[in-house]
Every structure is written in structure tokens, then in C-alpha cells.
1. From the square roots a ≥ b ≥ c of the eigenvalues of the alpha-carbon gyration tensor of the protein assembly as shown, which class results: rounded (a/c under 1.5), prolate (a/b over b/c), or oblate?
2. In whole Hz and in residue order, list the ³J(HN,Hα) couplings for region B:173-185 that follow from phi through the Karplus curve 6.51 cos²θ - 1.76 cosθ + 1.60, θ = phi - 60°; x for Gly and Pro.
3. Within straight cross-link reach of A:K10, meaning Cα distance under 12 Å, which aspartates and glutamates are found once same-chain residues fewer than 8 apart are removed?
4. Which cysteines in chain A lack any other cysteine whose Cβ sits under 4.7 Å from their own Cβ?
5. Roughly what angle does helix A:6-17 make with the longest principal axis of chain A, taking Cα atoms, 0 to 90 degrees, to the nearest 10?
6. For chain A, take the longest principal axis of its alpha carbons; what is the angle in degrees between that and the long axis of helix A:26-41, to the nearest 10 within 0 to 90?
7. For region B:27-66, what value does the Rg/Rh ratio take when both radii are computed over Cα atoms and Rh is the Kirkwood radius, given to two decimals?
8. Would you list which aspartates and glutamates come within 18 Å of B:K145, measuring only between C-alpha atoms, while excluding same-chain residues fewer than 8 positions from it?
Amino acid sequence: MSRLNPEQIKRLVRDVLNTRPDEISCDECLELLDRFVELELAGEDASSALPLVQQHLEQCSSCREEFEALLTVITELR
Amino acid sequence: MAERSNEEWLASLRGPQRDEALADLRMLLLRGLRAALSKQGKVSDQDLEDFAQDALLRITAALDSFRGEAQFTTWAYRIAIHTALGELRRRRWRDVSLENLSTATDPDFVPNTVADPSAGPEQRALQRSVLDTLQHAVQEDLTEKQRQALIAVRVQGMPIAEVARRMDTNPNALYKLLHDARQRLQRALQDRGLPREEVLAAFGLSAGVRPAKVDTSMARKADDEQAESRTD
């Protein structure tokens with residue numbers, strides 16, 4: 001049975017409502033990810049500077065996983 | 001190891017000091033990957049070596065595409081992480097076929113109720129209306145491929161790249177397929193005249209401005225639950 005649980009339903013509702021016509025692809029998101037991470041770590045508002053990256057990271061678990069891993073690396077090694 | 005500016009990295013990787021620069025970069029990638037993959041199970045030292053070597057090849061082949069908008073090392077770590085996590089996802093999902101997931105015509109994919117005892121009668125009525133609309137739109141407005149991809153990604157938690165591989169397409173095209181699906185569902189809610197802010201509030205979701213930081217807590221929780229359900 002392919003049934004969403006309540007948490008997945010809430011996430012689907014949120015993601016459907018937050019869908020934009022101009023979303024970027026995984027490749028486009030990854031191209032901008034290094035800059036996004038550096039803005040975050042510099043304490044700047046990365047989501048306002050690069051809103052389409054923010055949007056993509058909310059929608060795509062693979063890119064989000066790579067964002068979190070990159071954030072970990074730069075935080076730990078700098 | 002010598003500190004290098006972006007320009008120095010590029011020059012050394014293209015010039016007579018190439019071997020030394022490659023050795024330094026390889027060491028950085030190994031350290032970075034060790035940190036990045038520390039929470040992933042079953043990653044051996046040999047895996048780290050292989051990922052670093054593969055990433056090194058990709059990085060040196062892509063030097064011309066480095067635009068200098070971030071530190072060279074951040075760019076290189078990003079490519080290494082993409083290489084390593086891509087391979088780990090492939091391994092994790094190796095034995096799962098889309099056929100196992102394809103109950104895409106299940107009318108209960110979006111149930112028309114959510115168990116939320118804290119919701120008042122008005123909220124529950126709005127929730128019911130939203131879920132009825134989504135349930136209908138999933139069946140009537142989405143294509144078979146969109147439903148199949150939605151179930152694999154949303155219910156089973158399969159990464160987009162892995163679903164794409166099984167559907168003979170690429171991650172960008174699959175993301176677009178899912179984006180189109182979300183737009184169709186969004187249009188169905190709009191056509192029903194369901195106000196965005198009130199719907200968000202009815203589901204206990206914050207309305208209005210997006211959070212300044214990437215809020216991944218809800219997404220992570222859902223992913224964790226999906227992972228748990230797969231092992232049941």
C-alpha cells in the first residue's frame with residue numbers, strides 16, 4: 001500500500017503550496033551550492049540571496065543531503 | 001601544505017607543479033570526505049580512496065568550468081561529495097526496483113483524513129477539503145509516470161537520481177517531471193479556491209515568509225520515517 005503518513009502529507013501540502021514556476025534543476029542547484037554554503041557560513045542570508053537554491057533544497061532530498069555534507073566539511077575543516 | 005588562492009590552485013593544477021598540487025588536493029579531498037561521510041555507515045578506507053580518486057579526475061576535467069564564485073576548495077569538496085554520495089545511494093538502493101514500488105493507482109495514496117486530534121472542527125474540514133482535492137488530482141490530473149515517480153520519491157524516499165535511472169531518464173528531467181506534478185496539484189487547490197495561508201495554518205505549517213535558513217527538520221523527519229519503514 002502506497003500511503004502517505006501524516007508527516008508526509010504535511011510535507012506534500014507544504015511543497016505543493018510552495019511550488020514556484022521558475023524552479024531550478026539539480027545540476028543548476030549544485031552549481032550554486034558552494035556559494036550558498038559560503039554565504040551561510042559567513043552569516044549572510046543565503047536564502048534571500050539565492051532563493052531558488054533554497055527552494056530546490058526544500059524539494060530535493062539528494063541535493064539537501066549534499067548541502068548538509070558540504071556544510072559539515074567546511075565547518076569542520078576551516 | 002601550502003595555502004593557495006583560487007588563481008594559485010588553477011595555475012598549479014595546470015602548470016609544472018601539477019603533481020604536487022594533485023597530491024595536496026587529494027589529501028584535502030580525503031579529509032573532506034572523511035568528515036562528510038562520518039555519519040554514513042559502511043564506508044571503508046578503500047571507499048574513501050576510490051571516491052577521492054574519482055573526484056580528482058572529475059575536478060581536473062572540469063577546471064575550465066570553475067567560475068571563482070566560491071573558494072576553489074569548497075567547489076572541489078562539493079564535487080567530491082556529489083561523487084561519493086551518488087555512489088553510496090546507488091549501493092543503498094541497488095536491490096530495489098520500481099516494480100516493487102509501483103502501486104501508483106492506489107486511490108489511498110493521499111488518504112482523505114489525517115490523524116490530528118489537536119485540530120478544531122474548522123481546521124479538520126479544511127484539511128479534509130485539501131486532501132480530497134489532492135486525492136482526486138493525483139488520480140485524475142497526474143500522468144502514470146508522475147504518480148510512479150511521486151510514490152517512489154515521496155513514500156519510499158528513493159533519491160531522485162535512483163528513480164531517474166530506473167525510468168531511463170536523468171535527475172534533471174525527473175525533477176522537472178515532479179515539478180510539473182506539483183504544479184498540477186497546486187492548480188487543483190487554486191481551482192478549488194483554497195487560500196494558501198489558511199491551508200498552511202490548518203496543517204500547522206508556518207505561513208508567509210520562508211525561513212531564513214534552510215529548514216530541513218521536517219524533511220529529515222519524513223526521510224527517517226521512510227528509512228525506518230523500509231527496514232520493517
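1. Values: a/c = 2.38, a/b = 1.87, b/c = 1.27.
Since a/c reaches 1.5 and a/b is larger than b/c, the shape of the protein assembly as shown is classed as prolate.
2. These are the phi-based 3J(HN,Hα) values: 5, 5, 4, 5, 4, 5, 4, 4, 4, 4, 5, 5, 5 Hz.
3. Counting by Cα, and skipping residues close in sequence, A:K10 has these aspartates and glutamates nearby: B:D116.
4. Cysteines of chain A left without a disulfide-compatible partner: A:C26, A:C29.
5. Taking the Cα atoms of chain A, the angle to A:6-17 is about 70 degrees.
6. Between helix and principal axis, roughly 60 degrees.
7. Numbers: Rg = 11.2 Å, Rh = 10.8 Å.
Using only Cα positions, Rg/Rh for region B:27-66 is 1.04.
8. Cα-Cα hits under 18 Å: B:E99, B:D106, B:D108, B:E162, B:D168, B:D180.
Bear in mind that the values in this text are calculations on the coordinates, not laboratory data. If you're wondering where the values come from, they're calculated on a predicted model, not measured in any experiment. Every residue, glycine as well, gets a Cβ built from its backbone with ideal geometry; the counts of neighbours run over all protein chains shown.
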